[in-house]
Amino acid sequence: MNSKAEKAVINGLLWLSLLTAMVIASDPDLLQDFCVADVSKGAVKVNGFVCKDPKKVKPSDFLFKGLRKPGLTNNTFSGKVTSGNVQSFPGLNTLGISMNRVDLAPGGINPPHTHPRATEIVYLMKGTILAAFIGTDNVFYSQKMKKGDVFVIPRGLVHFQQNIGSSNAVAITAFNSQLPGAQVLPLTLFGSSPAIPEEVLAKAFQISKKEVKEISSKFTPS
Ligand code: GLV
Ligand code: MN
């Protein structure tokens, strides 16, 4: 092969790997009608969950009642996210979608967090909230949402919701992943286990180690 042909082959391979990376950037496609997850203890772990024996699958495997009840908001953030992902709703396995319920008391927040594996869409069922995300260029995008409004959060970007009304707010959030994952920044940074070295956090946030300790104490289980 001459060097021109070699270059063309290398170029082709580079494009192919780029395209493959683009194609597998979300949950993979189905190979069957469904694959209700076997989440029993000791079940084999793969990239996802193995399927329950289809003979044992029941209509009720496709129903999730976990979002019926309001989440308790008597906590530090005055808010609660109830997850309807493959872990709580095994019928979602391999379907590439999931849904949460977000309850916020007045003033309550769903703190800044990211979902590494999904874009999120927020539908406000009740109340008034501020929904926001921050781009990778640090531009802050926020919108006041009223009942019935929909807001979208691009995949992987840091975002939050805050109840800015005087009554409880309820939102339903949906994702293009069966398990979007969530990294809640205050907990990720100040409540990891083992802890991030204090000097790293002190330098990153330009604060003293004492202040790091103080913040961490709020997020580490006692
Ligand atoms: C809201 O941001 C959620 O993750 O449910
Ligand atoms: Mn979210």
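Structure summary
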item	result
Every residue from the range 96-114 that is within 16 Å of ligand 2 (Cβ to nearest atom), in contact (Cβ under 8 Å) with a residue 60 or more places away in the chain and not aliphatic (A, V, I, L, M)	SER98, ASN100, ARG101, ASP103, GLY108, PRO111, PRO112, HIS113, THR114
Residue identified as without any contact (Cβ under 8 Å) to a residue 12 or more places away in the chain and either more than 16 Å from ligand 2 (Cβ to nearest atom) or surrounded by fewer than 15 Cβ atoms within 10 Å (Cβ to Cβ) (or both) among ASN75, ASN93	ASN75
Candidate set from the range 19-68 (those that are among the polar types (S, T, N, Q) and open to solvent by 60 Å² or more (accessible area, probe 1.4 Å)); member that is modelled with the lowest pLDDT	THR20
Listing of strands (runs of 3 or more DSSP E) fully contained in the range 84-148 that carry 2 or more residues being in contact with a helix residue (DSSP H, G or I) (Cβ under 7 Å, 6 or more places away or on another chain)	109-114
Residue selected from the range 105-152 under the condition away from ligand 1 (no atom under 11 Å from the Cβ) and acidic (Asp, Glu), by the criterion farthest from THR188 (Cα to Cα)	ASP149
Test: residue in the range 171-189 that is in the same structural domain as VAL81 (by TED's automatic domain parsing), under 30 Å from LYS69 (Cβ atoms) and more than 16 Å from ligand 2 (Cβ to nearest atom)	no
Residue tally, condition open to solvent by 40 Å² or more (accessible area, probe 1.4 Å), within 16 Å of ligand 1 (Cβ to nearest atom), within 21 Å of GLN87 (Cβ to Cβ) and not aliphatic (A, V, I, L, M), over the range 153-203	4
Selection within the range 179-218 - among the small types (Gly, Ala, Ser), within 30 Å of ARG117 (Cβ to Cβ), without any contact (Cβ under 8 Å) to a residue 40 or more places away in the chain and not in a helix (DSSP H, G or I)	GLY191, SER192, SER193, ALA195
Neighbours by Cβ (under 8 Å, 6+ apart or cross-chain): first from the range 141-163, on the phi > 0 side of the Ramachandran plot; second of a type in the set (Val, Ile, Thr)	GLY156/THR114
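The values are calculated or read from the model by the stated rules, or taken from the named source; none is laboratory data. Keep in mind that this is a model prediction, so the values were computed, not measured. Glycine also receives a Cβ, built like all others from the backbone with ideal geometry; neighbour counts cover every protein chain displayed. Just so you know, the surface numbers come from the protein's heavy atoms only, side chains and all, with ligands and any DNA or RNA stripped out. Shrake-Rupley method; radii C 1.70, N 1.55, O 1.52, S 1.80 Å.
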